[in-house]
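Shown next, in structure tokens, is the structure this report addresses.
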Amino acid sequence: MVLRSTIINFPVGAMELRVISVSELLADSISLDRPVLVTHIEHLDHLQTLTDWLEPKALRSHPITFISSQTGHSFTHSVSDISAIAGKSLPLQAYIPPQLTTQAIALQSLIDVVAQLRNPNGGCPWDLEQTAETLIPYIIEEAYETVDAIRQGEQTAIADELGDLLLQVILQSQIASESQHFTLTEVAQGITQKLIRRHPHVFGDVQVNSIDEVHTNWDKIKAAEKG
């Protein structure tokens, strides 16, 4: 029996899971805005069909979890190395988590590029030599150039300089993660939590009547955080 494309309830995260046979993939306009389970992957041609379907839709680093239909064991590969499972026992099923938003894809692509530049295996010699300290002048320079572009009011230049400044944040985080000090995820989570904490009039039940009160609350919360 061939399992046709269908939507069933997916219990994790209150999302829906689309289940589809690999033979139906190329004929169905499925997007990756929801999780997908691809079934009946029974030979190498089916793996190629899965790859052909995924490559224009997902990042090369997008994870795919394969489940053996015989043993129930699972293993995860990225889109770029699906061919590596050719030696695994078939048949398989493939669980594909939702694709990132366009904005998240753009950020992830930049993160991946920076990681490759810092990769000892084929990375850039200049980037590999950099440390948190050697990059300090570039942070200052990019901050000044961003301010200058904003003052000039040239939107294309502002976007360009903000990109250069963003690069410095990601580079610093990449270097720190290599020494297991902190990661970009921790940086993003930290500032998100700080913004929520320091805006109780937005995310809590505090009432404010003026910008002055916002500043006062901010200073009090900041002082409390610092002990």
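The values are calculated or read from the model by the stated rules, or taken from the named source; none is laboratory data. Note that the structure is predicted; figures quoted are calculated from it, not measured. Methodologically, a virtual Cβ is constructed for each residue, glycine included, from the backbone with ideal geometry; neighbour enumeration extends over all protein chains shown. Ligands, DNA and RNA are excluded from the accessible area calculation, which covers all protein heavy atoms including side chains. Shrake-Rupley method; radii C 1.70, N 1.55, O 1.52, S 1.80 Å.
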**OP:** Please list, ordered by first then second residue, the pairs with beta carbon atoms under 9 Å, 6 or more apart or interchain, first in the stretch 137-159 and open to solvent by less than 80 Å² (accessible area, probe 1.4 Å), second hydroxyl-bearing (Ser, Thr, Tyr).
**Re:** 149/156; 158/146
Original post:
Which of (1) open to solvent by 60 Å² or more (accessible area, probe 1.4 Å); (2) part of a loop (DSSP other than H, G, I, E, B) is the odd one out, the single condition residue 58 does not satisfy?
Top reply: (1)
Original post:
Among the residues of the stretch 171-187, is any hydrophobic (A, V, I, L, M, F, W, C) and part of a loop (DSSP other than H, G, I, E, B)?
Top reply: yes
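Could you pull out the residue among 74, 109, 68, 80 that is under 12 Å from the mean Cα position of the chain (by Cα), at pLDDT 85 or above, of a type in the set (Gly, Ala, Ser) and surrounded by fewer than 16 Cβ atoms within 10 Å (Cβ to Cβ)? Before the answer, list the steps.
Values: 74 fails: under 12 Å from the mean Cα position of the chain (by Cα); 68 fails: under 12 Å from the mean Cα position of the chain (by Cα); 80 fails: under 12 Å from the mean Cα position of the chain (by Cα).
Of 74, 109, 68, 80, the one residue that is under 12 Å from the mean Cα position of the chain (by Cα), at pLDDT 85 or above, of a type in the set (Gly, Ala, Ser) and surrounded by fewer than 16 Cβ atoms within 10 Å (Cβ to Cβ) is 109.
Listed here are the residues, each with its yes/no results for (1) more than 21 Å from residue 61 (Cα to Cα); (2) over 24 Å from the mean Cα position of the chain (by Cα).
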| position | (1), (2) |
| --- | --- |
| 101 | no, no |
| 121 | no, no |
| 124 | no, no |
| 139 | yes, no |
| 152 | yes, yes |
| 155 | yes, yes |
| 165 | yes, no |
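Could you list, in sequence order, all residues of the stretch 178-200 that are open to solvent by 40 Å² or more (accessible area, probe 1.4 Å) and in contact with a helix residue (DSSP H, G or I) (Cβ under 7 Å, 6 or more places away or on another chain)? Don't jump to the end; show me each part of the working.
Within the stretch 178-200, the first condition is being open to solvent by 40 Å² or more (accessible area, probe 1.4 Å), and the residues that meet it are 178-189, 191-197, 199.
182, 183, 184, 187, 196, 197 - these are the residues of the stretch 178-200 that are open to solvent by 40 Å² or more (accessible area, probe 1.4 Å) and in contact with a helix residue (DSSP H, G or I) (Cβ under 7 Å, 6 or more places away or on another chain).
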**OP:** Provide a single number: the residues in the stretch 19-35 that are small (Gly, Ala, Ser) and not in a helix (DSSP H, G or I).
**Re:** 3
